[in-house]
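So the structure is just underneath, and the comments pick up after that.
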Amino acid sequence: MSTPRVYVIHENPEWFPPLAAAFEAEGVPVQEILLTEGQIDLGAEPEPGVYWSRMSASSHTRGHEHSKEYTRAVLGWLERAGRQVVGGSHVLELEVSKVAQHGLLQQAGFDVPRTTAVFGTTTLKQAARTFTNGQDVPFITKHNQGGKGLGVRRFDSLAEFDAYVDSPEFEAPVDGITLLQEFLTAREPFITRVEFVGGEFVYAVRVDTSAGSFELCPADACEVPQVIAGAVCDVPGADQPSAFSVRTEITAEHPLVQRLRTFLADQRVTIAGVEFMETTDGRTVVYDINTNTNYNPAVEESAPASGPRSIARYLGGLLETQYAAQLTA
């Protein structure tokens, strides 16, 4: 068997360079397992090491529609062999289901957006009428298996929604589940993302949404497109200032951070970014758990700690604990 190392399971090579640099800086041996294709010998023992899964719910948008199934197979093989897996099978199922995220957050007592999950499209228009009590009030849609703001749109009338569902612009979710969700107005035009590594708070990110076409509703991205006369509003240009900055007043002692830390520990999730928004009517609404979090370069430059290097240190510590004798031999 090879020298023990950290194995990173993923499907998007573009996301890996900052992590590779962090592992190198921390002196932690690392190797990618790219699950776009490949094979495993089910009768063989997995190589020694710590395995970290950061499979994304949006992998199908990059032409990797089967990578989530590949990951399920690999994680099961690793777990049955007794290898230490960070972001294991139970975390993958949380990553790919906003229904599961919503249910667990609600069960834990967090304020979550009122949501209806609609299976298929046949009853989608009627479900919207039930959701709004037949009134033309703002609401949003999103995909259950999301990431990247997939399927997130605002609608101000049922007629507008009907036209969208019947149009070629309709985005069918990859798992067939569309979420209808209440529209919330942010107290100020930003949302907050709290980063955790090894179960501990790293920093909070302020995501500015003032360049958007309306105030932020619960969403996965910093820009939620609005449909106006059949067109989607443009995303701000790359030459504009970064929308991301450190929210320094949010610390590890913040009551919500402490509650989220306990929640993640209960769910056995050690690496995650959790998003919330503060509304005009005084609510603090938690709406998204991302277990394959990416880190913004502008934030990393000014943050009190580095997200990628925190991950490298955490996984390197797990590796050292398990394989100290082999690593020093």
Residue separation between residue 301 and residue 40 times 0.36 nm, minus their alpha-carbon distance, gives in nm 90.0 nm
In whole percent, the fraction of accessible protein surface over the chain that belongs to carbon or sulfur atoms, probe radius 1.4 Å, stands at 51 percent
Expressed as a whole-number percentage, the relative contact order of region 87-147 with C-alpha contacts under 8 angstrom and at least six residues apart is 41 percent
Taking a probe of 1.4 Å and leaving out DNA, RNA and ligands, the chain shows per residue an accessible area in Å² of 45 Å²
Mean projected area (nm²) from the convex hull of Cα positions in the chain is 17.8 nm²
With every protein chain in place, the accessible area of residue 194 for a 1.4 Å probe, in Å² rounded to the nearest 10, comes to 0 Å²
Simple SL model, points at 7 angstrom along Cα→Cβ for residue 15 and residue 253; separation in nm is 3.4 nm
quick note, the chain, DSSP beta bridge pairs, % antiparallel (nearest 5) is 70 percent
A chain fully extended from residue 188 to residue 114 at 0.36 nm per residue, minus the present Cα-Cα distance, gains in nm 24.6 nm
Answer in debye to the nearest 20: the dipole magnitude of the chain about its Cα centre, from +1 Lys/Arg and -1 Asp/Glu charges placed on Cβ, is 680 debye
So, with points 7 Å from each Cα along the Cβ direction, the residue 156-residue 126 label distance in nm works out to 2.9 nm
Zone reached by a paramagnetic label modelled 7 Å from residue 165 Cα along Cα→Cβ, restricted to region 92-128 with backbone N below 12 Å, covers 118-128
Exposed-loop cut sites defined as trypsin sites (Lys or Arg not before Pro) in DSSP loop states with at most 16 other Cβ within 10 angstrom; longest site-free run of the chain spans 1-113
Once both label points are put 7 Å beyond Cα along the C-beta direction, the residue 66-residue 31 separation in nm becomes 2.4 nm
Reported to the nearest 10 Å², residue 270 has, with a 1.4 Å probe, an accessible area equal to 40 Å²
Once 289, 177 are ranked on solvent-accessible area with the largest value leading and a 1.4 Å probe, the list reads 177, 289
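The values are calculated or read from the model by the stated rules, or taken from the named source; none is laboratory data. Because the structure is predicted, anything quoted here is derived from the model rather than measured. Cβ sites come from the backbone with ideal geometry, for glycine too, and all protein chains shown count toward neighbours. Note: accessible area is taken over every heavy atom of the protein model, side chains too, but ligands, DNA and RNA are not part of it. Shrake-Rupley method; radii C 1.70, N 1.55, O 1.52, S 1.80 Å.
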